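For reference, the structure discussed in these notes is given below.
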Amino acid sequence: MSTDTQTDDQDDGPERQPSRPRMRLPPIVKPEDRGIGDVIARMAQTTGITPCGGCRERQRRLNDLIPFRRS
């Protein structure tokens, strides 16, 4: 009797790591944006908020925290 299922002691080859979920970026994200900090900074500037030193530091940290990766 033959079965098509594999048993636990068989080697499936290299174990695949789960991939991170991918999502389509919304149209407010421009190709030159490095991360979410750039998007928030552009939206703030559009509404009339002038950036200060703290704003630029926040933008940098947000870009590091949530970067956009182009593929």
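Could you give the length gained on full extension between Ile28 and Met43, defined as 0.36 nm per residue of separation minus the Cα-Cα distance, in nm?
Extending this stretch completely gives an extra 4.5 nm.
Show the residues, 5+ positions off or on another chain, whose built amide H is closer than 5 Å to the amide H of Gly35.
Here the answer is Phe68, since their amide H atoms fall under 5 Å of that of Gly35.
Read-outs: derived from the displayed coordinates by stated rules, not from any lab. Just so it is clear, the structure is predicted and the values come from calculations on it, not from any experiment.
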